[in-house]
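Nothing in this text is a laboratory measurement; each read-out follows from the coordinates by a stated rule. Only a predicted model underlies this, so the values are computations on that prediction, with no experimental measurement involved. Every residue, glycine among them, receives a Cβ derived from its backbone with ideal geometry; neighbour counts consider all protein chains shown.
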Amino acid sequence: MRPVPTGKEIKIDKYTMIVSKTDERGVITYGNSNFVEVSGYKETELIGSQHNILRHPDMPKAIFYFMWESIKAGRNITAVVKNMAQNGDHYWVVTDFDIKRDQNMKVRNYIAFRQVAPKNVLSEIEPLYAKLLEIENEHGMDASIEYLEAYLEEKKMNYNQFIDNIAKPKGLANIFFSKMKDMFK
Ligand SMILES: Cc1cc2nc3c(=O)[nH]c(=O)nc-3n(C[C@H](O)[C@H](O)[C@H](O)COP(=O)(O)O)c2cc1C
């Protein structure tokens, strides 16, 4: 049974890195201890589950569509995602990926690296996602994708540039997270 959203935000330290690994279909094969702890699920419940186990109903489909289009093509993307824990509480993260291929260059695994999303990001993202969801519920995902594309066109950016611009960790935090990511490579 899916949890019911509580509207309560889980507090996460800004230097916490939440990491998970999936196969090429998005089935979870590994989660670090932060990933397991924040999710509220047992590690054994997470491993072998589809990654949408964390999906929050406030998330527009269009964002996951953009995300999958990019990583399936082997291109990293930075995305802002609202996730839901087992008890219905939520947390906002900035996520980017490492894409692992086999010797035939076929994508085999994805690793997702997440940090808590800074508040200034949410002031822009929350209303945007709410709008996308509203459009999706009325007219379907193609309509919300079109809206998002027009929104980004006005900013003269693609989704990745838009998120990088508002959410990418800078200075010391950036160095810290780069080093952490290297440990998973
Ligand atoms: C490496 C990786 C990490 C993912 N992390 C999340 C996540 O934290 N939260 C989430 O809702 N979906 C995540 N997804 C996307 C899910 O696989 C799924 O597409 C999404 O939850 C939408 O679910 P739906 O396709 O059932 O609507 C991740 C996918 C991959 C490949």
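For 22, 44, 29, what's the fewest-to-most ordering of other Cβ within 10 Å of each Cβ?
Neighbour counts put them in this order, fewest first: 44, 29, 22.
Which whole-number percent is the relative contact order of the chain (Cα, under 8 Å, 6+ apart)?
For the chain, the relative contact order is 23 percent.
Based on Cβ point charges of +1 for Lys and Arg and -1 for Asp and Glu, what charge dipole magnitude is obtained for the chain about its Cα centre, in debye rounded to the nearest 20?
740 debye
Could you go through region 25-34 in sequence order and give the Karplus-derived ³J(HN,Hα) for each residue, using 6.51 cos²θ - 1.76 cosθ + 1.60 with θ = phi - 60°, rounded to whole Hz, and x for Gly and Pro?
Per residue, the Karplus-derived 3J(HN,Hα) values read 9, x, 7, 5, 10, 7, x, 6, 5, 5 Hz.
Using the charge dipole of region 1-95 (Lys, Arg: +1 at Cβ; Asp, Glu: -1 at Cβ; taken about the Cα centre), state which of 66, 56, 94 has its Cα farthest towards the positive end.
Of the options given, the answer is 66.
Starting from the Cα of residue 104, move 7 Å in the Cα-to-Cβ direction to define the label point; list residues of region 64-96 whose amide nitrogen is under 20 Å from there.
Counting only backbone N, you get 72-75.
For residue 14, give me every one of the lysines with a C-alpha distance below 17 angstrom, ignoring sequence neighbours fewer than eight places off in its own chain.
Counting by Cα, and skipping residues close in sequence, residue 14 has these lysines nearby: 82, 119, 168, 170, 179, 181.
State whether region 142-181 is rounded, prolate or oblate according to the following rule on the C-alpha gyration tensor (a ≥ b ≥ c being the square roots of its eigenvalues): a/c under 1.5 gives rounded; otherwise a/b larger than b/c gives prolate, and the remaining case gives oblate.
The shape class here is prolate.
Tell me, what ³J(HN,Hα) does each residue in region 47-59 have, in order and in whole Hz, if you take phi through Karplus 6.51 cos²θ - 1.76 cosθ + 1.60 with θ = phi - 60° and put x for Gly and Pro?
5, x, 8, 5, 5, 6, 4, 9, 4, 9, x, 6, 7
Under a crude label model (7 Å from the Cα following the beta-carbon direction), how far is residue 141 from residue 155 in nanometres?
2.1 nm
For 92, 68, what ranking results if the residue with the fewest other Cβ atoms within 10 Å of its Cβ goes first?
Ordered by Cβ neighbours within 10 Å, fewest first: 68, 92.
Express as a percent, rounded to the nearest 5, the fraction of DSSP beta bridges in region 1-155 (both residues included) that run antiparallel.
95 percent
Please list, ordered by chain and number, the residues whose modelled amide H lies under 5 Å from the amide H of residue 40; skip anything fewer than 5 residues away on the same chain.
86
Just check region 1-64 against the gyration tensor rule for me: Cα atoms, a ≥ b ≥ c as the square roots of the eigenvalues, rounded for a/c under 1.5, and otherwise prolate or oblate depending on whether a/b exceeds b/c.
rounded
Between region 53-125 and region 151-185, what is the separation of their alpha carbon centroids in Å?
12 Å
Can you give the calculated 222 nm mean residue ellipticity of the chain, where each DSSP H run of n ≥ 4 adds -39,500 (n - 2.57) and the sum is split over every residue, rounded to the nearest 500 deg cm²/dmol?
-13000 deg cm²/dmol
Run the simple label-point estimate for residue 27 and residue 15 please: 7 Å along Cα→C-beta, distance reported in nm.
3.8 nm
Please say if region 1-160 is rounded, prolate or oblate, where rounded means a/c under 1.5 for a ≥ b ≥ c the square roots of the C-alpha gyration tensor eigenvalues, and otherwise the choice is prolate for a/b larger than b/c and oblate otherwise?
oblate
Out of the trypsin sites (Lys or Arg not before Pro) in region 93-183, which ones are loop residues according to DSSP with at most 10 other C-beta atoms within 10 Å?
Of the trypsin sites (Lys or Arg not before Pro), the ones in loops of region 93-183 whose Cβ has at most 10 other Cβ atoms within 10 Å are 106, 156, 170.
Hey, fewest Cβ within 10 Å first, where do 152, 54, 172 land in order?
Final ranking by Cβ density, sparse to dense: 172, 152, 54.
So, in nm, how far is label residue 175 from label residue 72 when the simple model puts each one 7 Å beyond its Cα toward the Cβ?
4.0 nm
Return the long-range amide H neighbours of residue 9 (sequence gap of 5 or more, or a different chain), with a cut-off of under 5 Å between placed amide H atoms.
90
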